[in-house]
Amino acid sequence: MARLVDIWDSIGIMEEQRVERMQTVKKHIDELLHSMIMEEEALRHRIKTDVITFQKQLDTLCLELGLEPYKLEQDLTVLQMEKNLRCHVESLLKERNERLRELSDLKKQDEDLCVTLCSTPYYIPSGSVPSRTQLQELQEHVEKLVKEKVNREKVFSGLREDIRSLMDEMGHEPESSLERESICPDTDIFLLTHDNIKALKLLLSQLEMKKESLISARDKLKERATSLWNRLSCPEPEGEAFREAAMSTLSDDIRRWQGYVEHLEELQMAQLEEVIDKVRQELMVLWDKCLLGPEQREPFSVHFCDDHYTEELLALHDTELLRMKAFYEAAQPILEDLEKWQRNWALFQEFERKAADPNRFSNRGGSLLKESKDRAKVQKLLPKLEEELRSHVEVWEKNQGTSFLVQGQRIMDYISSQWEEHRLQKDKEKNERMTKKTETSQFKTPTKRPLGSTYTTPTPNKIKKMPNMLAPRTATVSSVSSSSSNSGGSSTTFLCVPGRPQLSAKRTKTTEASSGPRVPLQEFNSDKKPLPISYSAFTSELSRKANNDAFLNSTVKDML
């Protein structure tokens, strides 16, 4: 204003004009300031409006993205608030767009995989922004579908390869659309669905069953051809078919064996009598293997006596032969168990026979100990085998609906009869021994000792004398020869075990001179137990009375 006044002075503007000009200047200044104020007010309003708008957007984005509501810091200016809100909104918008883009990519993968696998897509509400958890679950779902696709592709390729291999092996031509599609080289012709996998598995199972049926048919034809070849005693050129390599397919192999069987059957018709006789021999062998009794063989025995060799008679024999082979195959485990029982039963009876033999104690070298262990083992094994047989027979009879017979008896009755026969035999042997012992005791006469016989004792100089001690007990075994007018010379061995110190030689002679005729050893020891005369009784009595090992060893050594 001062400068304006100076300018006006220099110009020579009058006072009135100055006042007017000053009013004009003031007016311009007022208008300018007012305009500036209005602009700033508009700016403040716009900022406040932006703050409100950004706050709303921020709340919406937080809700869509599943985030906690954003809270502004305290004591911020409007401009700072607007900046913070704007930056945060931009960040959340970027997050939102990234999630939507990721969702779009995953949903596309999911849809493609679900179409291939015929499964249900992962559900996410349309028009919404997925949360991080939902995107993670969708990602895992897609990865799971990818793995499932790989696994199903492996299963599909494996099944189709197995089906193709089986068809080639059997020489089977595709008959249904499924069979044709399963061997088609186009891998996209099949959707990787569970139903298609089940259909292929079922087809594979059917083809495997058909293969087993063809193999069984071929083996039966081969077995039939082998049986016919053996029956007919065919020359070597006829057996060349057995050495021929298998055909490329099972069907061709079956046709080859079928033709060979038909050829052998034609030869068989020309040799009926010889063939039927050989079948009868095979039947006899099978009957013996199956342990059939006469009653079980009787129904077919009438055909054994038939001398009219016809095709019908041969068919009857073949039917019976097949029936017996099937029976033997089904009963073979039981027959093997029974054979094992019979082997152990024979061992048990052998051990029983050895136990009754008194001469077994003369065998040295630990054989008695081994025999005892083997005997205990067999006695422990027999009940176990019988119980196993019982359980196996029960299962077999339940499945077959008939009794399992051995020599016309039920198998447990057969085993019981064997035990009963063994018991009766033992009783018979016991009664025979008792009868023989009674007869022997009734007619046996005591044996008198001759006058010249004496008990021999060791010479005094062979006994080591100890001061203030009695002489040790000594056992001597002497052979006393007895003779009579009615029989020839014989010798009997007696054992003398004195219960007091040894007498001197002189005292012994005096006693002999004054005692007169000797009485039997049993009468001489009437106040004691009868002395043993058998080896087993001798060793038992000697072991009981021996005071130390030296006494036992010297006595047995002297006796032997």
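The values are calculated or read from the model by the stated rules, or taken from the named source; none is laboratory data. Quick caveat, the model's predicted, so the values are computed rather than measured. Quick reminder, even Gly has a Cβ in these numbers, built from the backbone with ideal geometry, and neighbours come from all protein chains shown. Protein only, heavy atoms only, side chains kept; ligands, DNA and RNA dropped before computing areas. Shrake-Rupley method; radii C 1.70, N 1.55, O 1.52, S 1.80 Å.
Things worth noting here:
- Taken over segment 328-344, the criterion of being in contact (Cβ under 8 Å) with a residue 40 or more places away in the chain and open to solvent by 80 Å² or more (accessible area, probe 1.4 Å) is satisfied by K340 alone.
- Evaluation of W287 against the conditions (1) surrounded by 15 or more Cβ atoms within 10 Å (Cβ to Cβ); (2) in a loop (DSSP other than H, G, I, E, B) shows that the sole unmet condition is (2).
Condition check ((1) at pLDDT 80 or above; (2) in a helix (DSSP H, G or I); (3) surrounded by 14 or more Cβ atoms within 10 Å (Cβ to Cβ)) across all residues:
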| residue | (1), (2), (3) |
| --- | --- |
| L291 | yes, no, yes |
| L313 | yes, yes, yes |
| A326 | yes, yes, no |
| A346 | yes, yes, no |
| R353 | yes, yes, no |
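- Every listed requirement among (1) under 33 Å from the mean Cα position of the chain (by Cα); (2) over 21 Å from W287 (Cβ atoms) is met by E371 save one, (1).
- Segment 390-419 residues that are more than 16 Å from Y328 (Cα to Cα), paired with ones that are open to solvent by 50 Å² or more (accessible area, probe 1.4 Å) and assigned to a strand (DSSP E or B) (beta carbon under 7 Å, 6 or more apart): S417/Q409
- A single member of K220, K211 is at pLDDT 85 or above, under 30 Å from W257 (Cβ atoms) and in contact with an Asp or Glu (Cβ under 8 Å, 6 or more places away or on another chain), and it is K211.
- The condition of being more than 30 Å from P125 (Cα to Cα) and either out of contact with any Asp or Glu (no Cβ under 7 Å at 6 or more places or on another chain) or basic (K, R) (or both) holds for only one of D30, D50, D59, that being D30.
- Taking residues in segment 262-275 that are surrounded by 15 or more Cβ atoms within 10 Å (Cβ to Cβ) and part of a helix (DSSP H, G or I), and partners anywhere that are at pLDDT 80 or above and among the small types (G, A, S), the pairs with Cβ atoms closer than 7 Å and at least 6 places apart or on different chains are L264/A225.
- Cross-chain or 6+ apart pairs with Cβ under 8 Å, segment 297-308 first and touching a residue at least 40 places away in the same chain (Cβ under 8 Å), then hydroxyl-bearing (S, T, Y) and open to solvent by less than 50 Å² (accessible area, probe 1.4 Å): none
- Within segment 55-69, residues that are assigned to a loop (DSSP other than H, G, I, E, B) sit with their Cβ atoms under 6 Å from residues that are among the small types (G, A, S) and open to solvent by less than 50 Å² (accessible area, probe 1.4 Å), at 6+ positions apart or across chains, in these pairs: G66/S131.
- Residues considered: E68, E82, E73. Of these, the only one that is open to solvent by less than 60 Å² (accessible area, probe 1.4 Å), charged (D, E, K, R) and farther than 30 Å from L178 by Cα is E82.
- Whichever residue in segment 293-311 is of a type in the set (A, V, I, L, M, F, W, C) and either part of a helix (DSSP H, G or I) or closer than 30 Å to E388 by Cβ (or both) and, among such residues, is most open to solvent (accessible area, probe 1.4 Å): V302
- Verdict on E39 being more than 25 Å from P130 (Cα to Cα), open to solvent by 60 Å² or more (accessible area, probe 1.4 Å), over 60 Å from the mean Cα position of the chain (by Cα) and without any contact (Cβ under 8 Å) to a residue 60 or more places away in the chain: yes
- Scan of segment 93-107 for residues that are of a type in the set (A, V, I, L, M, F, W, C) and more than 13 Å from V142 (Cβ to Cβ), ordered by number: L93, L100
- Qualifying residue in segment 294-316 (condition: of a type in the set (V, I, T), within 20 Å of L405 (Cα to Cα) and out of contact with any Gly (no Cβ under 7 Å at 6 or more places or on another chain)): no
- Verdict on G259 being closer than 30 Å to L207 by Cβ and at pLDDT 80 or above: yes
- Contact annotation: residue pairs with Cβ atoms under 9 Å, 6 or more positions apart or on different chains, pairing a residue in segment 149-164 that is over 12 Å from C184 (Cα atoms) and charged (D, E, K, R) with a partner that is in a helix (DSSP H, G or I) and open to solvent by 60 Å² or more (accessible area, probe 1.4 Å), are R152/H194; E153/T187; D162/E208.
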